[in-house]
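Inspection log for the structure reproduced underneath, given as structure tokens.
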Amino acid sequence: MDTIREFFQQLAGMRWTDFLDIIVVAYLLYKLFPFFRSKSIRRVAVTVLAIIVVAWLTDLLNLYTVSFILSQFMQIGLLALVILFQPELRRMLDHLSNVRLKKLFSAEKTGQDVSDIINQTVQACEVMSRERVGALIVFARDNRLDEQFKTGTVIDGLVSEQLIRNIFFPKASLHDGAMIIRDGKIAAAGCVLPLSESSRLSADLGTRHRAGVGMSEASDAVVVIVSEETGTISVAVGGMLKRHLAPQTLERLLTNELCPEETKDEENLVVRLRQKLHRMGKEGQE
């Protein structure tokens, strides 16, 4: 009871600026939390957190020898972390530098043509799957993928089934690389993606699938892969690979990942209205 009473006393003594401080920090953590879906960034965060916990425990338990060793380590600890986690820190900085500030401090807005982009992509993947044409399509979200964008050829064209199929045509010059779709357009093609080093991936997966999974591990992108050997359609999100997808499943998965809840609610409302009008029409005929 004393603890609860002290808590409410401290709460009553807080100023409005204290509440504002808490709200701002909570909002920033909420916006930055998706970055930690990447395994590499989580490794850095866990290491830093472990050092902080160990330092706190040494002070709490009066472990003077351990505290002395830790204090000496902390003097060179920053340099050691930079050396040990250079690739992870580089990816973290890439995350932070590529996220647009207007998305960090504003509500996320998706273009009105997202459903059409998904439809055109699914149609192209269905045809390429049937014809055994390999494809690697990356949908950029908060992370801009500027580093990968620079490795390809700028397209800046509207997303269409014909353009996607032409880019991945086996004799086309850009068919071996990845296509990046962002801001409602095909931004670039022929891009080079980082390969996944995960040991959980099946041994029968080739470079195209490992590049797709690697891109989803290093960013929040949604990656669609069409196998050149088997024609199977796969999607990589957050380092996880979902294989053997039907076109309908691919469309539903892309809609769930790329469309906001408001858009899906509006689409569901339209579907319900159509069903109701259809039933009313049948009752009228009867």
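The values are calculated or read from the model by the stated rules, or taken from the named source; none is laboratory data. In this text the structure is predicted, and so the values were computed from the model without any measurement. Cβ sites come from the backbone with ideal geometry, for glycine too, and all protein chains shown count toward neighbours. When the accessible area is computed, the model is the full protein with side chains, heavy atoms only, and any ligands, DNA or RNA have been set aside. Shrake-Rupley method; radii C 1.70, N 1.55, O 1.52, S 1.80 Å.
Can you bin the stretch 117-221 into rounded, prolate or oblate? Criterion: square roots of the alpha carbon gyration tensor eigenvalues sorted a ≥ b ≥ c, rounded for a/c under 1.5, prolate for a/b above b/c, oblate for the rest.
Verdict is oblate for the stretch 117-221.
Using label points projected 7 Å from each Cα along Cα→Cβ, tell me how many nm separate Leu49 and Glu197, to one decimal.
2.2
Choose one of Ser196, Thr207, Val224: the residue whose Cα lies farthest towards the positive end of the charge dipole of the stretch 192-248 (beta-carbon charges +1 Lys, Arg; -1 Asp, Glu; about the Cα centre).
Val224
Determine the share of the stretch 113-203's accessible area contributed by carbon and sulfur atoms, expressed in whole percent, with a 1.4 angstrom probe.
In the stretch 113-203, the share of accessible area belonging to carbon and sulfur is 48 percent.
At 1.4 Å probe size, with every protein chain present, just tell me what the per residue accessible area of the stretch 191-240 comes to in Å².
Here the residues of the stretch 191-240 average 38 Å² of exposed surface.
Let me know the charge dipole size of the stretch 112-246 about its Cα centre in debye, to the nearest 20, where only the beta-carbon of Lys, Arg (+1) and Asp, Glu (-1) is charged.
Taking the Cα centre of the stretch 112-246 as origin, the dipole is about 220 debye.
Kindly report, to the nearest 10 Å², the accessible surface of Glu126 as traced by a 1.4 Å probe over protein heavy atoms only.
Rounded to the nearest 10, that gives 80 Å².
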